[in-house]
Amino acid sequence: MRGWLAIVLLAGCGRIGFDPTDDAGAVALVHDEDGDLIDDDRDNCPFLANADQADQDGDRVGDACDREPANARQHLTYFNALRPSDPALTVTGFGTWTRGPDGYLFDGDPPQGRNGQLTANVPVTDAEIWLGATIRSRVATAPGWQVAIALVDQTANNPYYYGQLYDDASNRVLSVSEWTGSNYFDRGNQALASGVHPGEVDLLLAVRTQPRQIDVIGGWPGERYQTAAVAPNYAGADRIVIPIEGLVLELHYLAIVTTN
Ligand SMILES: [Ca+2]
Ligand SMILES: [Ca+2]
Ligand SMILES: [Ca+2]
């Protein structure tokens, strides 16, 4: 129901309190994405502040980002803080992406073009994909506003499942959508009280093959949304695409927690 280039999404991160040194000034932090004073490379949940590092099942994925905190089968398999020193993502679409010191800035304000997308060539099967961003503003002249996580099919070479925060003249939803090859279908959604608006935002797309189900959770601090959908055609993906539409937005991190 929604065109591919009309898909956009984004998520925010908890970098409030970021400090290059700890309070005592004795230990220099290399990079602390979530501001919990634990370096990314030794933080068991590097994108959500969890200073206590609680991990009740001991699988090295902290409870804060472990969807099954009592079932030891999670692995943090991908984390990109999107700094200039981190692996670059592929930019496509029409808007302008600029790499800054702590993220990618997307400008969806014409004449740069309203739509753009980043691609991470990372395969996923049973996993949670986390995205964090800050929406700085909406482009007033855009017909819609969106941040999304899209999965690209391993065989058809098409994006086929999307988790998204989407807002246009007829929809204001957090949703799961499916592209079947000929049509878009909204497989699950929850209405957004205030549409897609500025602020820190995050998005989680959780995908499973047994049973075939997709959960989407996201929103703004104090304004959370959740939906789920059965996904009989989901069989994994060979890459992740992050589409954005009609926003000026800074993307802060992309992470994948694999379940097996
Ligand atoms: Ca940290
Ligand atoms: Ca953390
Ligand atoms: Ca854990």
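Bear in mind these aren't lab numbers, they're just calculated from the coordinates by the rules spelled out. Predicted model only: the values in this text are computed from it and were never measured. All Cβ positions, glycine included, derive from the backbone under ideal geometry; neighbour counts span all protein chains shown.
Among HIS197, HIS75, rank each residue by its count of other Cβ atoms within 10 Å, from fewest to most, as a rough exposure measure.
Neighbour counts put them in this order, fewest first: HIS75, HIS197.
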Response to the item:
Length-normalised contact order of the chain, Cα under 8 Å, at least 6 apart, in percent, tallies to 28
Worksheet item: Each label point is 7 Å from the Cα along the Cα-to-Cβ direction; what then is the distance between the points at ALA228 and PHE94, in nm?
Response: 3.8
Worksheet item: In debye to the nearest 20, how big a dipole does the chain give about its Cα centre with +1 on each Lys and Arg Cβ and -1 on each Asp and Glu Cβ?
Response: 1180
Worksheet item: Just how far, in whole angstrom, is region 53-74 from region 167-212 if you go by their alpha carbon centroids?
Response: 26
Worksheet item: For SER182, SER137, what ranking results if the residue with the fewest other Cβ atoms within 10 Å of its Cβ goes first?
Response: SER182, SER137
Discussion item. At 0.36 nm per residue, and after removing the present C-alpha to C-alpha distance, how many nm does the segment from ARG67 to SER85 gain when stretched out fully?
Written reply: 3.6 nm
Worksheet item: At GLN210 and ASN121, where each label point lies 7 Å from the Cα along Cα→Cβ, what is the point-to-point distance in nanometres?
Response: 3.1
Worksheet item: Taking +1 at the Cβ of each Lys and Arg and -1 at the Cβ of each Asp and Glu, which of LEU254, ILE240, LEU105 sits farthest along the dipole of the chain towards its positive end, judged by Cα position relative to the Cα centre?
Response: ILE240
Practice prompt. Calculate, in nm to one decimal, what ALA140 and GLN112 gain on full extension: separation in residues at 0.36 nm each, minus their alpha carbon distance.
Written response: 8.7 nm
